[in-house]
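> Have a look at the structure that comes next, please.
The values are calculated or read from the model by the stated rules, or taken from the named source; none is laboratory data. What you are looking at is a predicted structure, and each value in this text was computed from that prediction instead of being measured. Here the Cβ positions follow ideal geometry from the backbone for every residue, glycine too, while neighbour counts run over all protein chains shown.
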């Protein structure tokens, strides 16, 4: 499907975008368009790949003109552009709304207007039972995608949802490594806090699985292991062969103790496909009588406190094989 295709990747200069572009090059795409706001990252990426099939577009998903211009003639769209930092979204929630909700809507509407074959949006575990502005905006982005899918006759809209990508930009592992190198204490919010862990390669694989298998309105979720933050910090110390020096600072703005990837209501209808949950589109209409007289028994949700919990040795082994972690250690 990808060979010879023209593909748009929004937010393509981020951690995920780079890996997707690398995969699209291997899949022999005809043209790969990277839409983002950062000209410096685009220039770095242009030099990194040095591939004539890459076309870099300066623009913002908030702006319908730049989105429509980038979308024209595309076969497929991977929508990765987002504001992702929990504290900054909590301090500037309207900015999260503009990028994560309205920006996504611009992308999806342009995809429909230009009859793109498939459009996939990237979401996060923070969208499930959200307690912060980032999660709330991503949850609404998912609803916008599902709403578009209900009435789309050509473009297939779908989504993916995943937990923490190991050593991605702004995540905790690069922070731990930097603190150790600077001989500062490692700062931990709550030692009992758990997070799902997956590699950037797994995140990309999830997206391509959804690309190949999704029908209208599907959301795909990978079943992932988790670790508590204290174990993660000790694993980084062991990897760098230093004694742990840990300082507990308390929970930050908008943080949860555990994250959820699939909520109870979704688990009622979800099905397992290989290593993935497939959450089908909610096709109920506004027939309110169904809400009062029909229903289904709910299950427990799928969260980071009940999934496979990695031990210290398992966490060390996971980090040892992660390309991004090794890169952080070398830099």
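> Hey, can you tell me all the residues within segment 201-231 that are closer than 30 Å to residue 245 by Cα and surrounded by 21 or more Cβ atoms within 10 Å (Cβ to Cβ)?
224, 226, 227, 228
> Please work out if residue 10 is within 15 Å of the chain's Cα centre (by Cα), modelled with pLDDT of 95 or more and closer than 22 Å to residue 115 by Cβ.
Details: within 15 Å of the chain's Cα centre (by Cα): yes; modelled with pLDDT of 95 or more: yes; closer than 22 Å to residue 115 by Cβ: yes.
Against the criterion (within 15 Å of the chain's Cα centre (by Cα), modelled with pLDDT of 95 or more and closer than 22 Å to residue 115 by Cβ), residue 10 qualifies.
> Still on this model: Yes or no: segment 193-200 includes at least one residue that is surrounded by fewer than 18 Cβ atoms within 10 Å (Cβ to Cβ) and in contact (Cβ under 8 Å) with a residue 40 or more places away in the chain.
No - not one qualifying residue is present in segment 193-200.
> Need pairs with beta-carbon distance below 6 Å; first residue in contact (Cβ under 8 Å) with a residue 40 or more places away in the chain and at negative phi and within segment 28-48, second surrounded by 12 or more Cβ atoms within 10 Å (Cβ to Cβ) and part of a helix (DSSP H, G or I); sequence gap 6+ or separate chains.
Pairs that qualify, where the first residue is in contact (Cβ under 8 Å) with a residue 40 or more places away in the chain and at negative phi and the partner is surrounded by 12 or more Cβ atoms within 10 Å (Cβ to Cβ) and part of a helix (DSSP H, G or I), are 33/70; 35/70.
> Identify, by number, the condition in (1) buried (at least 22 other Cβ atoms within 10 Å of the Cβ); (2) more than 19 Å from the chain's Cα centre (by Cα) that residue 46 doesn't meet.
(1)
So that you can scan it fast, the table gives a plain yes or no per residue for (1) out of contact with any helix residue (DSSP H, G or I) (no Cβ under 8 Å at 6 or more places or on another chain); (2) over 19 Å from residue 262 (Cβ atoms):
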{"residue": "115", "(1), (2)": "yes, yes"}
{"residue": "120", "(1), (2)": "no, no"}
{"residue": "156", "(1), (2)": "no, yes"}
{"residue": "162", "(1), (2)": "no, no"}
